[in-house]
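The structure under discussion is supplied below as structure tokens; questions concerning it will follow.
The values are calculated or read from the model by the stated rules, or taken from the named source; none is laboratory data. All figures in this text were calculated on a predicted structure; none of them were measured in a lab. The protein model used for the area step is the full one, side chains on, heavy atoms only, and it has no ligands, DNA or RNA in it. Shrake-Rupley method; radii C 1.70, N 1.55, O 1.52, S 1.80 Å.
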Amino acid sequence: MAIIKENISEACKRSNRRYEDINIIAVTKYVSCERAQEAVDAGVLHIGENRKEGLLNKRQALSDDKVIWHFIGSLQSRKVKDVIDHIDFLHSLDRLSLAEEINKRAKKTIRCFVQVNISGEESKHGLKESELEDFICRLKDFESIKVIGLMTMAPFTDNEQEIRQIFRRLKERQTYIQSKNWEHAPCTELSMGMSNDYQIAVEEGATYIRIGTALVGKDE
Ligand SMILES: *Cc1c(COP(=O)(O)O)cnc(C)c1O
């Protein structure tokens, strides 16, 4: 935790950003509830899970009502009813049918990131950049959904320039969507950066970084 905070702080200095503007999500999908609890006890405020079972288990086990819950994986529509009232943020909104289901089930407003597949890799979820504007425009009909930002995953590579370009393009899309001044889509946040690339993500404007292995490790 200390090393990660230090790295974030350095990245903020390099890019003239404020450390307080970066939210660290501890991704606990690889670890036990005990390990997740340790992270919370050490001061982690945001917990991220990518599956229904993991989310519900951790929610039940963790004793801290200040924890903020993030669903970061792709979400099947039929599972929406089981998870939606247990999360504060969804990082993977990528289709209208999912938005419809959320709107039908949610009892409160869900803060959503629209997931964008900037790299174009087939293995990745998310909208194409060209589909983004139309998609977000249509979300205005769903009163339970607030588009607070965009999310992407960079390719798994050592090529720092390639990663940086992906994050930059997401930032550009965010600026464009913000310029629309849509009430349902303030789009002030960027969810990008994982264990391997969070420093680059912070330099390029991330406000939520999702760190698993480097923060809480990985159980065998
Ligand atoms: C697993 C996961 C992470 C964290 O991965 P690490 O490389 O362990 O930091 C972040 N975001 C998403 C969407 C994930 O599925």
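Identify which of Phe89, Phe71, Phe142 has the largest mean-square fluctuation in a Gaussian network model of the chain, with springs joining Cα atoms closer than 10 Å.
Largest GNM mean-square fluctuation: Phe142.
Compute a Gaussian network model of the chain, connecting alpha carbons closer than 10 Å, and tell me which residue from Val40, Val147, Val114 fluctuates the most.
Val40
Further question on the same structure: Which sequence of Arg164, Arg51, Arg169 reflects their accessible areas, 1.4 Å probe, from the largest down?
Most to least solvent-accessible, the answer reads Arg51, Arg169, Arg164.
Over segment 48-194, calculate the relative contact order: mean separation of alpha carbon pairs under 8 Å at least 6 apart, over the residue count, as a percent.
19 percent
Roughly speaking, what is the centre-to-centre gap between segment 1-26 and segment 127-160 when only Cα atoms are used, to the nearest Å?
Taking the Cα centre of segment 127-160 as reference, the centre of segment 1-26 is 24 Å away.
Also: Can you run phi through the Karplus equation (6.51, -1.76, 1.60; θ = phi - 60°) for segment 207-220 and list ³J(HN,Hα) in whole Hz, with x for Gly and Pro?
10, 10, 10, 10, 10, x, 3, 5, 9, 10, x, 8, 6, 6
Would you look at the GNM of the chain, springs on alpha carbons closer than 10 Å, and say which of Gly205, Gly48, Gly120 moves the most?
Gly120
Looking at the chain only, what percent of DSSP beta bridges run antiparallel? Nearest 5 please.
Counting only bridges with both partners in the chain, antiparallel ones make up about 0 percent.
What value, in deg cm²/dmol to 500, does the helix sum -39500 (n - 2.57) over DSSP H runs of n ≥ 4 give at 222 nm once divided by the residues of the chain?
When only DSSP H runs of four or more count, the value is -11500 deg cm²/dmol.
Amide H neighbours of Asn23 under 5 Å, at least 5 residues apart or on other chains, H built in the peptide plane: list them.
Distant-sequence amide H within range of Asn23: Tyr208, Ile209.
With a 1.4 Å probe and every protein chain kept in, tell me what percent of the accessible surface of the chain is carbon plus sulfur.
44 percent
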